[in-house]
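Note sheet for the following structure.
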Amino acid sequence: MGLLTPDPGLVFWTTLTFVILLLILRKVAWKPILRAIKVRQEYIQFSLRDAETAQETLAQISVKQKEIIEEGRRQRDEIIREARDLKNEIIREAKETAQVEATRIIQQTHEQMVREKKEAILAIKQQISMLSLDIASKILREELATNERQKYIINRHLQEVSLN
Amino acid sequence: MRKILCLLICVVFTGTLFASGSEKGDEFDASTLIMHHIGDSHEWNIISFNKGKENELNITLPLPIILWHKGLHIFMSSKLHKIVKIGDNYVLYEHGHFYITDSNGELFDAEGNIYIKNAEGEIIDAEGAVFTDFDKIINAHPLDFSITQNTASMFMGAILLLLIFGQAARGYIKRGGLSVPQGVQLLVEPLVLFVRDDIVYQQIEDQRKADFFVPYLLTLFCFILINNLIGLVPFFPGASNVSGNISFTFTLAIISFLAVNIFASRDYWKHIFFAPGIPFLIKIFIVPVEFVGLFTKPFALMLRLFANITAGHIIILSLASIIFVMKSFFASPLTIILALVMFCLELLVAFLQAYIFTLLTALFIGMAVNKAHH
């Protein structure tokens, strides 16, 4: 058995051992081990991908949330502004209406006052004329109470009326 | 640290002086010892006491001898100290070879001289002189398929692999791939992932082809590694030199050669025999070179593993022999330190050579099956 010459017996046994070992290990060990490792690797890969997707979704949701909040704030501001505008409008309209109404009322009142004044003056005039007549009649009655007086007045007027 | 080293060197040199002063008894033959250790044997020596003395005691594990000579003959190696009858013939075991003889156990050379084994177990010629030139013997050899020490050690390695990886696989099956690896799985998983991801997937581009070769390359890696490691265990049942045996590396190289060439793509063969895109005159030289390259690749694989492991064994045994050559136990610190360093290195080499063999096989397979890049 030289150091450098292969010994057929050992070559035979090595071949046999190696081939049998390969066949048994492949069936008994390598397949389950490699499958398990592959399963784990794929699981980790999928988990990482899932986590990434989840993170992305979360980021999207967060962005959306911000958008919604922003939108809400914008809408609120708009509503408030609109309300303020509406309020101002209403107030303005109310004022205008009030002004018009007031003017109308004033006008009416004025007219009524004028009318009433006229009526009152007319009434007073009538009253006065009545009173004057009354007084005049009373005065006449008193003036013409005596015959002398009557004669005197007639005379005086007759005198005044010179028959020219 | 330096002080300790100085002290050790002093001790070693004093030891040498003492040793040189001691009387020279029976010579210690380091090279025989080393060659015996790195070779193969038909029995498994567990331990020897009082070597070369009257009361020498060898505790050995007898191994089955399997011979083929006009039929199959199986017997234990403990019978080998004398001639053994197989069928109609007898077989004589001498210096690692089996010879077919007659019932007297006679050996012949080409000139017709007869040699026989005497009572002391030495082979003597007709004049009684000890005969050692066994290359001259022309007796027929039976085919030897014995379970030698290396074969037994290799079987042990294979069984260990089956136990370790079978246990790990059971863990994966029982707990599923998603659970945290436990126990032996923790040992196996980095190894498997290393071979799969850093060797196979790196070299073989096509994922499906790579997956096809993963079991083979994993087995190859683990088989070489376990035999390297068993070889590093300095006592029974280790110390055999399986992966440093040329038969072992030869077989693995042949299997690697077959794995490369059986599954090679058409592009690969075209590349070797037609060398497309190269001028005709250069083709004349390139094609034979490429063709020879088919065989030099596995040849290099065979020699690299053999040389590395054998060299490691030789160095460690040489270091151990220093003590016996110097005949002083003061040499032991030197031996221990150097042997420690060498064992660390050999541990690295055990992994490295398994890695290189597997990597190169994967590389060659990759070259053969990958799509050509032009």
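Contact list please: Cβ distance under 6 Å, first residue in region B:248-260 and more than 14 Å from B:I309 (Cβ to Cβ), second residue among the polar types (S, T, N, Q), pairs at least six apart or on different chains.
B:T251/A:T14; B:T251/A:T15; B:S256/B:T361
Is there a residue being part of a helix (DSSP H, G or I) and more than 18 Å from B:L92 (Cβ to Cβ) anywhere in region B:114-135? Please lay out each step first, then the result.
Initially, region B:114-135 is screened for residues part of a helix (DSSP H, G or I), giving B:134-135.
Going one step further and asking which of them are more than 18 Å from B:L92 (Cβ to Cβ), we end up with none.
Scanning region B:114-135 turns up no residue that is part of a helix (DSSP H, G or I) and more than 18 Å from B:L92 (Cβ to Cβ).
Any idea which residue in region B:155-169 is surrounded by the most Cβ atoms within 10 Å (Cβ to Cβ), counting only those that are more than 12 Å from B:V188 (Cβ to Cβ) and more than 7 Å from every other protein chain (Cβ to nearest Cβ)?
Of the residues in region B:155-169, the ones more than 12 Å from B:V188 (Cβ to Cβ) are B:155-160, B:162.
Subsequent filtering for residues that are more than 7 Å from every other protein chain (Cβ to nearest Cβ) retains B:156-157, B:159-160.
Values: B:M156: 17, B:G157: 25, B:I159: 13, B:L160: 15.
The selected residue is B:G157.
Taking only region B:29-49 into account, find how many residues are more than 14 Å from chain A (Cβ to nearest Cβ) and among the hydrophobic types (A, V, I, L, M, F, W, C).
Selection size over region B:29-49: 6.
Here is a list of conditions, (1) within 14 Å of chain B (Cβ to nearest Cβ); (2) surrounded by 10 or more Cβ atoms within 10 Å (Cβ to Cβ), and A:E82 meets all of them except one; can you say which number that is?
Answer for A:E82: the failing condition is (1).
Somewhere in region B:290-307, is a residue within 21 Å of B:F364 (Cβ to Cβ), more than 30 Å from the chain's Cα centre (by Cα), in contact (Cβ under 8 Å) with a residue 60 or more places away in the chain and surrounded by 12 or more Cβ atoms within 10 Å (Cβ to Cβ)? Let's see the steps before the verdict.
Just the residues of region B:290-307 that are within 21 Å of B:F364 (Cβ to Cβ), to begin with: B:290-307.
If we keep only those that are more than 30 Å from the chain's Cα centre (by Cα) as well, we get none.
No, because not a single residue in region B:290-307 is within 21 Å of B:F364 (Cβ to Cβ), more than 30 Å from the chain's Cα centre (by Cα), in contact (Cβ under 8 Å) with a residue 60 or more places away in the chain and surrounded by 12 or more Cβ atoms within 10 Å (Cβ to Cβ).
Hey, can you tell me all the residues within region B:304-335 that are modelled with pLDDT of 90 or more and aromatic (F, W, Y)?
B:F306
Counting just the residues of region B:329-363 that are among the aromatic types (F, W, Y) and under 23 Å from the mean Cα position of the chain (by Cα), which one comes out nearest to B:P276 (Cα to Cα)? Step through it out loud before you land on a result.
Kept after step one, since they are among the aromatic types (F, W, Y), are these residues of region B:329-363: B:329-330, B:343, B:351, B:355, B:357.
Okay, now just the ones that are also under 23 Å from the mean Cα position of the chain (by Cα), so B:343, B:351, B:355, B:357.
On the way: B:F343: 49, B:F351: 39, B:Y355: 33, B:F357: 30 Å.
Result: B:F357.
What tally of residues in region B:57-73 results from selecting those that are of a type in the set (V, I, T) and loosely packed, with under 14 Cβ neighbours inside 10 Å?
Start the filter on region B:57-73 by keeping residues that are of a type in the set (V, I, T), which leaves B:59-60, B:65-66.
With the extra rule that they be loosely packed, with under 14 Cβ neighbours inside 10 Å, the set shrinks to B:59.
Number satisfying all stated conditions: 1.
From the residues in region B:261-279 that are under 22 Å from B:P215 (Cα atoms) and touching a residue at least 60 places away in the same chain (Cβ under 8 Å), which one is surrounded by the most Cβ atoms within 10 Å (Cβ to Cβ)? Steps first, answer last, please.
In the first step, residues of region B:261-279 are kept if they are under 22 Å from B:P215 (Cα atoms); the result is B:261-265.
From what's left, touching a residue at least 60 places away in the same chain (Cβ under 8 Å): B:261, B:263-265.
Numbers: B:N261: 15, B:F263: 14, B:A264: 18, B:S265: 16.
Out of the qualifying residues, it is B:A264.
So B:W68 passes all but one of these: (1) within 14 Å of another protein chain (Cβ to nearest Cβ); (2) closer than 26 Å to B:I124 by Cβ; (3) of a type outside the set (A, V, I, L, M). Which condition number does it fail?
Here B:W68 meets the rest and fails (2).
Can you go through B:N150, B:N139 and tell me which one is at pLDDT 80 or above, more than 14 Å from every other protein chain (Cβ to nearest Cβ), within 31 Å of the chain's Cα centre (by Cα) and not in a strand (DSSP E or B)? Give the derivation first.
On the way: B:N150 fails: more than 14 Å from every other protein chain (Cβ to nearest Cβ).
Criteria check complete, one pass: B:N139.
Return yes or no: is B:P215 touching a residue at least 40 places away in the same chain (Cβ under 8 Å) and out of contact with any Pro (no Cβ under 8 Å at 6 or more places or on another chain)?
Numbers: touching a residue at least 40 places away in the same chain (Cβ under 8 Å): no; out of contact with any Pro (no Cβ under 8 Å at 6 or more places or on another chain): yes.
No: the conditions fail for B:P215.
How many residues does region B:212-249 hold that are surrounded by fewer than 24 Cβ atoms within 10 Å (Cβ to Cβ) and at the interface with chain A (Cβ under 8 Å from one of its Cβ atoms)?
4
The values are calculated or read from the model by the stated rules, or taken from the named source; none is laboratory data. In this text, all values refer to a predicted model and were calculated from it rather than measured experimentally. Neighbour counts run over all protein chains shown; Cβ positions are idealised from the backbone, glycine included.
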